[in-house]
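First comes the structure, then the notes that go with it.
Read-outs: derived from the displayed coordinates by stated rules, not from any lab. None of these values were measured; they are calculated from a predicted model. Ideal geometry is used to build each Cβ from the backbone, glycine not excepted, and the neighbour counts take in all protein chains shown.
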Amino acid sequence: MVINNFIAKYTIAFFTTLFLIVYVLKIPQNLTGQIQLVREYYYKNFVKSSVLDYIICLIYLLVGIYFINLSKNANIIRNIVTIFITSCIISTGFYLYFNNTKPTQAFFSRWMRRAGFSAVIYDGIYLSIIYFIYRYLTHELNH
């Protein structure tokens with residue numbers, strides 16, 4: 001039951017964030033300047049990209065929550081910062097990987113090379129908002 005509850009709330013938080021960040025506020029376009037790549041990923045390949053992002057974000061979030069649980073910290077601001085930093089560290093690893101290997105036509109190779117470090121910041125913002133909405137759904141913001 002706990003896992004189903006987590007997945008349900010994560011799913012709502014993920015798709016709410018996706019809609020707000022990508023389609024309403026257009027943060028990836030504005031932050032990275034990579035309008036064509038954003039259109040390719042989020043508009044042209046919506047289903048494939050959404051499924052992939054759903055899984056990737058879940059993994060990032062679980063890693064961040066692991067560190068939150070290690071610190072036994074209930075402060076929402078500190079926890080959001082933990083999610084942001086954890087996400088940025090993971091994404092920096094991918095950024096370094098893609099920028100130190102031979103370029104390919106794979107989306108993430110092109111994304112990390114063209115968007116640069118702003119792609120890392122975008123991931124941190126994206127995951128932080130997912131986490132915030134998730135916590136809101138669990139009514140844990142006041143802890």
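Key figures for this structure:
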| item | result |
| --- | --- |
| Answer residue from region 95-120, given it is surrounded by fewer than 19 Cβ atoms within 10 Å (Cβ to Cβ) and β-branched (Val, Ile, Thr) and is farthest from Thr82 (Cα to Cα) among those | Thr104 |
| Number of the exception - Asp123 against (1) surrounded by 14 or more Cβ atoms within 10 Å (Cβ to Cβ); (2) charged (D, E, K, R); (3) more than 18 Å from the chain's Cα centre (by Cα) | (3) |
| Residue in region 28-36 that is in a helix (DSSP H, G or I) and either in contact with a strand residue (DSSP E or B) (Cβ under 6 Å, 6 or more places away or on another chain) or surrounded by 19 or more Cβ atoms within 10 Å (Cβ to Cβ) (or both) present | yes |
| Extreme residue, nearest to Ser128 (Cα to Cα), among residues of region 61-113 that are basic (Lys, Arg) and in a helix (DSSP H, G or I) | Arg78 |
| Region 114-141, subset in contact (Cβ under 8 Å) with a residue 12 or more places away in the chain and not in a helix (DSSP H, G or I), residue farthest from Asn73 (Cα to Cα) | Gly116 |
| Residue count for region 23-71, restricted to those that are in contact (Cβ under 8 Å) with a residue 60 or more places away in the chain and either of a type in the set (Asp, Glu) or in contact with an Asp or Glu (Cβ under 7 Å, 6 or more places away or on another chain) (or both) | 1 |
| Candidate set: region 1-18, residues that are more than 14 Å from Cys57 (Cβ to Cβ) and among the hydrophobic types (A, V, I, L, M, F, W, C); chosen: the one surrounded by the most Cβ atoms within 10 Å (Cβ to Cβ) | Ala8 |
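Quick grid of which residues meet (1) farther than 21 Å from Ala8 by Cα; (2) of a type in the set (A, V, I, L, M):
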| residue | (1), (2) |
| --- | --- |
| Val38 | yes, yes |
| Leu62 | no, yes |
| Ile80 | no, yes |
| Ile89 | yes, yes |
| Thr104 | yes, no |
| Thr138 | no, no |
